[in-house]
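Please treat every number below as a calculation from the coordinates, not as lab data. Everything numeric in this text was worked out from a predicted model, so none of it was measured. Glycine gets a Cβ as well: all are built from the backbone with ideal geometry, and neighbour counts include every protein chain shown.
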Amino acid sequence: MSCVIAILTSITGRMVILGADSVSTSYDVYETSYPAKFPQLSPEFDIFHNYPTITTPGTYHASYCSYEKNYALIIEKITVGLPKITRYPMVSSSRDAEAETSCLDYIESNYPLDFILLMSDIKKKSCCTTRVVASLAFKRFIGVDGFYGCFAPHIEDQYFRVTADEPIPVEDILSDDPLLHVQRVKTGQEALTWYQGHLHLLRSIKSRKIWWYPATKIGAENENVRMIMDFMRRHFSQIRDFETRFIDAPSKGPKMKSASSHESSDLDQEPRSSTNVQKLNENMLVASPADGWFCYKAQHEPVTISLPRVGANSHQTQSILRSRKVFTKAIEQIHLFGGAFNHGRNSGKLMRSILDIGVV
């Protein structure tokens, strides 16, 4: 028996499909037709389903299971004719796209490749908001490192690098009501969110402030499948019950009504009234607002920053790990040496010197 989980936002029509077995996983994003709905299968496929009728904007989940087909075959059948858009981030609005172009032009025109560009400085340019920087990083136009850089993909070969040197308000990056199905855990809360057109799992830790950090890997979404599927199974009884019925009673499959019967499974959820007016459908992930800051890391956890290699071409870099305290003091020293810092090609050398000679 194999099952896949589909998660669809009816607002944009993006649908993530997750599949896994003991040795492999699958993560892909597909574009659905308008109005958005979950795939409905032809009679001959013998794939059992649990999907809702979508009547209000929001994010919904569905399950597809089969006794005979592995998860790859299930995905193949339910995505026939749907464009795969995994590699395409969310399309920016015309206003955001214009800001991204302006911000990238500003960086390329005003800073050498090996400049230590701080988030606190670049945000002084009106077009370079945190949301714009995050989008440019996700699209790999720039790299982001530093203690508060957890909102960006792992830095690779980007020519321009921004060091996130200050906490970032959650609302500066995520959309309105971004937290999906918030749950309490021992350390704080966890919730799914749509970020840059992909699903990610966020966790919070509450100290003096509420700190959020991505539990999943941003920019490496294919590595997050098991974690997201585990979240869905832990917190949605519909998914657990649906899959358990397959495991416990495989011989009863035909009685559960598959897509081949042209009838809905008795686990299909129709919209109905609820004491929670937001939760109009059992298969709907309730959206909640978020407050707090990115990104929490343990104080002792080392931070990585990328600096130009000595004597190397300008695009070749070396990653240096130091404690948060060391980097914080190094950045303070950089500002004290303002004259040198403002001479682009000296900034990387200056940061390296401060870290190497123990000024901090």
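Okay, here's what the table says:
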{"read-out": "Spin-label pair residue 213/residue 93, simplified geometry with 7 Å Cα→Cβ offset, distance in nm", "value": "3.2 nm"}
{"read-out": "Three-way shape call for the range 131-173 based on the alpha-carbon gyration tensor, with the a/c threshold at 1.5", "value": "oblate"}
{"read-out": "Dipole magnitude of the range 129-219, debye to nearest 20 (Cβ charges: Lys/Arg +1, Asp/Glu -1, about Cα centre)", "value": "340 debye"}
{"read-out": "Residues residue 247 and residue 44, FRET efficiency given R0 of 22 Å [Cβ-Cβ distance, rounded to 0.05]", "value": "0.35"}
{"read-out": "Residue-count net charge about residue 97 - beta-carbon cut-off 14 Å; Lys, Arg +1, Asp, Glu -1", "value": "-1"}
{"read-out": "Local net charge near residue 22, Cβ-Cβ under 15 Å (Lys/Arg +1, Asp/Glu -1)", "value": "-1"}
{"read-out": "Fewest-first sequence of 130, 86 by Cβ atoms within 10 Å of each Cβ", "value": "86, 130"}
{"read-out": "FRET efficiency estimate (nearest 0.05) - Cβ-Cβ, residue 23 to residue 127, R0 35 angstrom", "value": "0.15"}
{"read-out": "Whether the range 7-71 is rounded, prolate or oblate, judged on the alpha carbon gyration tensor where a/c under 1.5 counts as rounded", "value": "oblate"}
